[in-house]
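The values are calculated or read from the model by the stated rules, or taken from the named source; none is laboratory data. It should be emphasised that the depicted structure is a prediction, and the values quoted were computed from it without experimental measurement. Glycine gets a Cβ as well: all are built from the backbone with ideal geometry, and neighbour counts include every protein chain shown.
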Amino acid sequence: MKMKKWLSMIALGTCMAFAAGCGSDGGATKDASTYPDKPINLVITHAAGGDTDYNARLLARLLEKELGQPVVPNNVTGANGSIALEQYKDGDKDGYTIIATNSAALVGNKATGLSDFSFEAFEPVAIYGKQAGENIVVRADAPYKTLEDLVNASKAAPGTIKYGVSMGGGVYIASIIMDKEVGAKFNVVDTGDASNRLTALLGGHVDATSIPYSAAKEYIESGQLRSLGTLLSERSKLLPDIPSASETYKNLSVDTYYVVLAPKGTDPAIVEKLNAAIQKVVKENPEYKTEVEKMNFQAPWVLSVDETKAELQKQLDHFMAFEQYLK
């Protein structure tokens, strides 16, 4: 409860500083057929330099060509995306402020209690990509050759294997699923974001962690780290030699999607127009394909409005099954 009150106070203060983004009905455009006729503000819920920011900025730049108007990125960060999501969920409904986030924030924050709302508080526009997948990694000199080795070792000596996570994030949720579904008995340590988790692992402060493949790649290829598998629901076609954890443990998957949202009440015609433009970028733009495959190690992938809602609901149901252990 204290966390929710704190978030509300911060969101209120931020709204006063960015009044255009919050609080008003912001009447929908009179005729969606003329949309957009001015620049669009794209609020990014995570800090510059991360994977959510990278994917959002790439999309924004290429969307300009499809929409004929500038799409201007604006990072509003804090509390795993909750600050921006709280601020903009009831913002202007005219389509000129939209939000780029990831499903770990949008869905995971509800399960962990960081937010009291999820995607239903918005008009979902599109899931437009998938993270390369958190890789469960250990140092190369560790005795664990497979994920099953790591899990079995934790069962044999509960609490002795330190597993680095970012509390409240997707990696933390995965650690809870490993505990409750698989029986892993790790000593879960809050080591912060992906770069800090990597540093902690390389420095010997934790024995295992999960980090995006893009961050782990250099160290895996140099022989410093070993990947035991990804947390994807299925093996990546671009990384065929790295197994998915769900191949061994059925329910052990935490896909992270990149998502575009509009404030609740935005004209459905505008939402569909945005989705169509995003679909065109993802499916047809060769620059997008090259950049996404390089960064995400995933083929370009995008869902319709209805498919986006269904996929987010599926992930919410998966996470909420563990709600009592996450708060």
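Annotations for the structure displayed:
- Screening Tyr54 on (1) loosely packed, with under 14 Cβ neighbours inside 10 Å; (2) modelled with pLDDT of 50 or more; (3) of a type in the set (Phe, Trp, Tyr) shows it passes everything except condition (1).
- Of all residues in the stretch 31-52, those that are farther than 17 Å from Tyr257 by Cα have Cβ atoms under 6 Å from Cβ atoms of residues that are aromatic (Phe, Trp, Tyr), 6 or more apart or on another chain, in Ile40/Tyr96.
- Checking each residue in the stretch 66-96 for being in a strand (DSSP E or B) and either outside the structural domain of Leu312 (by TED's automatic domain parsing) or out of contact with any Leu (no Cβ under 8 Å at 6 or more places or on another chain) (or both) picks out only Asn75.
- Residues of the stretch 220-244 satisfying the condition of being outside any loop (DSSP other than H, G, I, E, B) and either touching a residue at least 24 places away in the same chain (Cβ under 8 Å) or under 22 Å from Tyr257 (Cα atoms) (or both): Ile220, Leu225, Arg226, Ser227, Leu228, Gly229, Thr230, Ser244
- Which listed residue, of Ser304, Ser233, Ser244, Ser253, is surrounded by fewer than 22 Cβ atoms within 10 Å (Cβ to Cβ), closer than 19 Å to Leu67 by Cβ and either under 21 Å from the mean Cα position of the chain (by Cα) or among the charged types (D, E, K, R) (or both): Ser304
- Qualifying residue in the stretch 144-160 (condition: of a type outside the set (Phe, Trp, Tyr), closer than 30 Å to Ser82 by Cα and surrounded by 23 or more Cβ atoms within 10 Å (Cβ to Cβ)): no
- Lone qualifier among Leu150, Leu58, Leu63 - being in the same structural domain as Ala184 (by TED's automatic domain parsing) and either touching a residue at least 60 places away in the same chain (Cβ under 8 Å) or in a strand (DSSP E or B) (or both): Leu150
- The lone exception for Thr160 - which of (1) free of Cβ contacts under 8 Å to residues at least 60 places away in the same chain; (2) under 21 Å from Asp241 (Cβ atoms) it fails: (2)
- Screening the stretch 266-327 for helices (runs of 4 or more DSSP H) wholly inside it with 2 or more residues that are of a type in the set (Gly, Ala, Ser) and assigned by TED's automatic domain parsing to the domain that holds Ala105 returns the ranges 268-284.
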